[in-house]
Every structure is written in C-alpha cells, then in structure tokens.
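For reference, the structure is listed below as structure tokens.
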Amino acid sequence: MNDRAFFLGKGGVGKTTLSGAFALSLARKGKKVLIASLDPAHNLGDILGTRLSGEPITIEPRLDALEVDLAYWVDKYLNESRAQMKANYSYNTAFNLDSFFNIMKYSPGTEEYAVLWAIEDIHCRLGPLYNVVVFDTPPTALSLRFLSLPVISGLWVKELRQLREKILSKRQTVARINPESPIAASCIDKDEDKVYGQLKNIGLRLSRLELLFAKESFISVIVNPDRLSVDEALRIQEELNRLGIPLSAVCVNKKGISDMAWAQHPSLAGYPQFDFDFTREGISSREELMAVGAQALAAHFLNRAGNQ
Amino acid sequence: MSRSFGQLIKSAIKTALQVNRDNATDLLEFEVRELENIFSLLILGGFAGLPSPPSPIAVELLPYLEKELLVLIARADLAQDPIGVLAGMMEVG
C-alpha cells in the first residue's frame, strides 16, 4: 500500500501547484483521487477554480478536493474533552473549565495535533473511498512538526503506559494484602482502568499514523533551482531520515526561471527526479494545471504503488 | 454473656489483624500515592513549565484524571514539609 502522497518544501516552491497537477493527472489516468490541503493559508481552491470546504467537493469526474479547517478540528477535540470532563468530574473540580479550554486553544502543539487528527480522519474515514489521497502540506516548519509528532508523542505515551501499569500493579498488591484500604477501592485492573485504556487508544492511533507516514506514503520534496529551497529540502531530508520516513522523489519546479547555471545537490541527486518548467503566465484553469506536466510523476507513482 | 465475650474477642482479633494489614501496606500505599502524583505531574507539568508530553495528550487524558488531580493538589499542600511527611510515615518522633 502506497496510495497516500505528500508534497513538502519551502513556502512558495509550488507545493499546491504540483500536488494539484499530480492529483489531476492521476484522476485523468482513471484513478479516483482526493486532494486535501492541510495548509492553514489555503489556496488549493484558487488553483482548482472551485470554492472548497472541509468535506470533499467534486472538481471533475474522479477528482474530489477539500481544505482542512484547522480551527474546526481544534474546537472539536477541545469540546469533546470538555464535555467528557463535565460528565466525569464532580462540580467543584470541573469549576472554571471554560477558561482552561480557552487557553488550550492557543497552547503550543495544538495546531500540529489538529493537522494530525485531520489526516487521521481523511485516511480512515475518506481514504477507503478513493484510490489515492494527495496531501498538499503547509510550509516546512509545521509539516515537519506534524510528521514527527507520532514518533515523539508515541515515546511519551509508551512511558506513561509503563508508569500506569506499575501503579495498577502496586494497587493490586495493596488490595490483596489489605482489602479495607482506600486504594483497594480504586481501579486495579488494566482492562477497567479508563486512563490506561485511553493511553492505549492514543498509542494505537499514533502508531497507525507513524506507519502511514513511514510505510504507506509517497513523500516528495519540491525544490526550485535556487540555494534557499535546496537547503531547506536538505533539512527536510535529514529530519525525515531521523524519523525513519523515506523520501520517494524530488521535484524541481520553476526550471528555467533563471539563466544561471544550476546543478542538483549530490545528496538529492540519488532520488527519482522530475522537472517542471516555469510558467510565466501562472495557472488559471485545470487545463493549464494539466500542462504543468505531472504525468511522468503520476506514472512513476502508479508503477511504484503497483510493484508494492 | 459468653456469646458476647466471644464476639468481643473476635472483634479484637479482627481489629488487630486490620492494624497489622494497615501497617503492612502503609509504605506501599504511600508509594502508590507518590506514583500517582508523579503520573499527574508528568501529564499536567507542561502547564507549569515541566517537561511533559504535548499538551493535547494531556487534554485527551484529563477527563479520566479527577482522582489523580485531587492527589496532586493534596500532595502540593504537603510539599512544604516533605521531611515531616516522611517522618510521619516511618513513625519517627
């Protein structure tokens, strides 16, 4: 399975254009494709000439598109947690919850998590309806943070689970020796402990996302023929290596934008490379998007997916 | 009379056994409370500047952590006198 594609790169290199052209090429080759923009500053709808929302909208036969609304995902999860707390906690402990959750909206990490939740929803709920899902990602900093979250958070969750197991095992010992102890009245069984169950559930979701990024995705980095975008691509490559996420292809966009001599960096030269010319007039229709020339990249993707 | 005397003995033995059980698990119960406190600190410490998992994980766990939160608050009340708590535990003085 390699039917999820992510396009990464520095802001302005053409991630939305190339992911749109790639999705359109696949759709016109007969695949049912969903393209999802994860960039908070959406412009996928502008490229496709349609106003998009959080749910798939049909652009043309076999091509649907959506733009993830991160504020919706942040609100959804905070509201679910708030409702659950109000139900579980006694009145006094749950007092002043609203101001706590208002602060949480702007807490560091919440936006990256919202991207993860959105990817999980697209992958699990919408993914089975399509042959391929293409993700147009936000600029590098946010993309690398959400790609690394499953690994980093997974480590935390693993440690917390081990600590919880230790607590439950000690509670069991107390309950065996002294059934009258107040500790014996608390939860002592892993299967009944809601905190342990929730940690297990979070761990499973994170490992599913880790697997999605590391084994089931076609990750492509886009560069322009300039030093800044290549330097950023090298940093992306280094970070992906650290996370165990393989890079599948390098796309050189806006080739011919300048007459200066340019050669691909040796560290990126070993990957399948696809070149795209600079279009001075810009993209204003889907036919012009097709003319970008992503057919070779789409064919490479399909051959690769077919071979796996 | 003899029946009530028997009951008294029974009740005395039961109390003695319970005191023994309480003594046997005192330290273990203290350890469990400390572990619960550490668990809560690990999850919620991010809000007070301690290294902790990303805060959205804390938000997902919070609905089930009322007991741990109460332990954390009670433990914070005793934090000014850790030696006193330990001495009390060990029945020193």
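Worth a mention:
- The residue that is nearest to A:LEU147 (Cα to Cα), among those in the stretch A:190-210 that are free of Cβ contacts under 8 Å to residues at least 24 places away in the same chain and out of contact with any helix residue (DSSP H, G or I) (no Cβ under 7 Å at 6 or more places or on another chain), is A:LEU204.
- Residues within the stretch A:182-203 that are in a helix (DSSP H, G or I), within 28 Å of B:LYS14 (Cα to Cα) and facing chain B (nearest Cβ under 7 Å), tallied: 1
- Pairing residues of the stretch B:21-33 that are facing another protein chain (nearest Cβ under 7 Å) and part of a helix (DSSP H, G or I) with residues that are of a type in the set (Asp, Glu) and open to solvent by 40 Å² or more (accessible area, probe 1.4 Å), at Cβ distances under 8 Å and at least 6 apart in sequence or on separate chains, gives B:ARG21/A:GLU180; B:ASP22/A:GLU180.
- A:PRO225 crowded, with 20+ Cβ neighbours inside 10 Å and in a loop (DSSP other than H, G, I, E, B): yes
- Taking the numbered list (1) over 18 Å from the mean Cα position of the chain (by Cα); (2) of a type in the set (Asp, Glu); (3) not in a loop (DSSP other than H, G, I, E, B) in turn, A:GLU239 passes all entries but (1).
- Taking the numbered list (1) closer than 30 Å to B:ARG21 by Cβ; (2) free of Cβ contacts under 8 Å to residues at least 24 places away in the same chain; (3) at the interface with chain B (Cβ under 10 Å from one of its Cβ atoms); (4) not basic (Lys, Arg) in turn, A:GLN162 passes all entries but (3).
- Tally, over the stretch A:46-75, of residues that are touching a strand residue (DSSP E or B) at 6+ places or on another chain (Cβ under 7 Å), open to solvent by 10 Å² or more (accessible area, probe 1.4 Å) and outside any loop (DSSP other than H, G, I, E, B): 5
- Taking the stretch B:46-93 and the helices (runs of 4 or more DSSP H) fully enclosed by it, the elements with 3 or more residues that are within 14 Å of chain A (Cβ to nearest Cβ) and modelled with pLDDT of 70 or more are at B:55-61, B:66-78.
- Test: residue in the stretch A:94-113 that is over 24 Å from A:SER207 (Cα atoms), without any contact (Cβ under 8 Å) to a residue 40 or more places away in the chain and of a type in the set (Val, Ile, Thr): yes
- Of the criteria (1) more than 24 Å from A:ARG235 (Cβ to Cβ); (2) hydrophobic (A, V, I, L, M, F, W, C); (3) open to solvent by 70 Å² or more (accessible area, probe 1.4 Å), which one A:ILE202 fails: (3)
- Selection of the stretch A:127-181 for residues being within 30 Å of A:PRO61 (Cα to Cα), open to solvent by 10 Å² or more (accessible area, probe 1.4 Å) and part of a helix (DSSP H, G or I) yields A:PRO128, A:LEU129.
Let's see how each residue does on (1) among the polar types (S, T, N, Q); (2) in contact (Cβ under 8 Å) with a residue 12 or more places away in the chain; (3) under 19 Å from A:THR140 (Cβ atoms):
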residue: A:VAL13; (1), (2), (3): no, yes, yes
residue: A:SER19; (1), (2), (3): yes, yes, yes
residue: A:GLY30; (1), (2), (3): no, yes, no
residue: A:LEU34; (1), (2), (3): no, yes, no
residue: A:GLY45; (1), (2), (3): no, yes, no
residue: A:ARG51; (1), (2), (3): no, no, no
residue: A:THR58; (1), (2), (3): yes, no, no
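The values are calculated or read from the model by the stated rules, or taken from the named source; none is laboratory data. Keep in mind it's a predicted model, so treat the numbers as computed, not measured. Heads up, the Cβs are rebuilt from the backbone with ideal geometry, glycines too, and the neighbour counts pull from every protein chain shown. SASA here: full protein model, heavy atoms, side chains in, ligands and nucleic acids out. Shrake-Rupley method; radii C 1.70, N 1.55, O 1.52, S 1.80 Å.
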